[in-house]
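The values are calculated or read from the model by the stated rules, or taken from the named source; none is laboratory data. Predicted, not measured: the structure shown is a model, and the values here were computed from it. Cβ placement follows ideal geometry from the backbone for every residue including glycine, while neighbour counts extend to all protein chains displayed. The area values use the complete protein model at the heavy-atom level, side chains included, leaving out ligands, DNA and RNA. Shrake-Rupley method; radii C 1.70, N 1.55, O 1.52, S 1.80 Å.
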Amino acid sequence: NLITSIARLDGNKEDSRLAQVLDVEQILRDVLPDPNSTEDLIAKKVGPKIKLPAGKIILVADDSPVARDMLENGLNALGVSFEMTKTGLEAWTRIQSLSDAAVAEGKTIQDKVAMVLTDLEMPEMDGAAALKEIRKIDSHVPILAFTAAVYDNIHADLIQKGFTDFIHKPFRPDDLHNKISLQVNAKRA
């Protein structure tokens, strides 16, 4: 249950090595206490509440129940309005709906969505594909990648792809606060 895939470590097929990719989120869920018992702990560590303008939400897309639980606890601790989706396609459909409502009211998507926080790898539509579609509607809404990937140029790579920033999985509560606060308080065109 804990192996999500197998990856080839080098390109030499005759002498290649394989690695099993583990579901780190599920392992953490299995060894850490129930998320409901950690809500108070997260609330103390996440920092002060963040006030979103009336009518704005943070839209979250992640297929992992573990990641959604972590984010839900963190966002609840921050006191922000948010909506959870399970795929990039579900998030994209919701963005389209919010954009249509905004246009009908003579507004933009930025009047409805404070930011989008998306996993990179999801079924139906991944985070990068969702990003491209959202950018067709609005080039300024902050879109943060939520990823467990770690490598030297990750920040530069994600910025080059069009993401505003990223948050590591699993996140530190203060990092969640700082990244969200920075984005929702930034002046945008």
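If we scan the stretch 5-12, do we find a residue that is modelled with pLDDT under 70 and either within 19 Å of residue 144 (Cβ to Cβ) or not acidic (Asp, Glu) (or both)?
yes
Restricting attention to the stretch 61-76, and to residues there that are of a type outside the set (S, T, N, Q) and touching a strand residue (DSSP E or B) at 6+ places or on another chain (Cβ under 9 Å), which single residue is nearest to residue 91 (Cα to Cα)? First the steps, then the outcome.
Restricting attention to the stretch 61-76, the residues satisfying the condition of being of a type outside the set (S, T, N, Q) are 61-63, 65-72, 74-75.
Narrowing the set further to residues that are touching a strand residue (DSSP E or B) at 6+ places or on another chain (Cβ under 9 Å) leaves 61-63, 67-68, 71-72, 75.
Working: 61: 6, 62: 9, 63: 11, 67: 16, 68: 13, 71: 15, 72: 16, 75: 17 Å.
Among those residues, the one meeting the criterion is 61.
So which residues in the stretch 136-158 are surrounded by 14 or more Cβ atoms within 10 Å (Cβ to Cβ), over 23 Å from residue 56 (Cα atoms) and in contact with a strand residue (DSSP E or B) (Cβ under 8 Å, 6 or more places away or on another chain)? Passing the criteria: 147, 148, 154, 158. Contact map, the stretch 81-107: first residue without any contact (Cβ under 8 Å) to a residue 12 or more places away in the chain, second residue surrounded by 18 or more Cβ atoms within 10 Å (Cβ to Cβ), Cβ cut-off under 6 Å, separation 6 or more or different chains; pairs are 102/109; 102/112.
The requirement of being at pLDDT below 70 and either open to solvent by less than 90 Å² (accessible area, probe 1.4 Å) or assigned to a loop (DSSP other than H, G, I, E, B) (or both) is satisfied by residue 37.
Taking (1) more than 18 Å from the chain's Cα centre (by Cα); (2) within 15 Å of residue 85 (Cβ to Cβ); (3) modelled with pLDDT under 90 in turn, residue 123 satisfies each apart from (1). Taken together, 71, 22 contain a single residue that is at pLDDT below 80, of a type outside the set (Lys, Arg), out of contact with any Phe, Trp or Tyr (no Cβ under 6 Å at 6 or more places or on another chain) and under 23 Å from residue 127 (Cα atoms), which is 22. Of all the numbered requirements in (1) of a type in the set (Asp, Glu); (2) more than 25 Å from residue 47 (Cα to Cα); (3) open to solvent by less than 50 Å² (accessible area, probe 1.4 Å), residue 119 misses one, and that requirement is (2). Among the residues of the stretch 79-111, how many are over 16 Å from residue 140 (Cα atoms), outside any helix (DSSP H, G or I) and out of contact with any Asp or Glu (no Cβ under 7 Å at 6 or more places or on another chain)? Adding up the residues that qualify gives 8. Within the stretch 167-189, the set of residues being open to solvent by 20 Å² or more (accessible area, probe 1.4 Å) and not in a loop (DSSP other than H, G, I, E, B) comprises 168, 173, 174, 175, 177, 178, 179, 181, 182, 184, 185.
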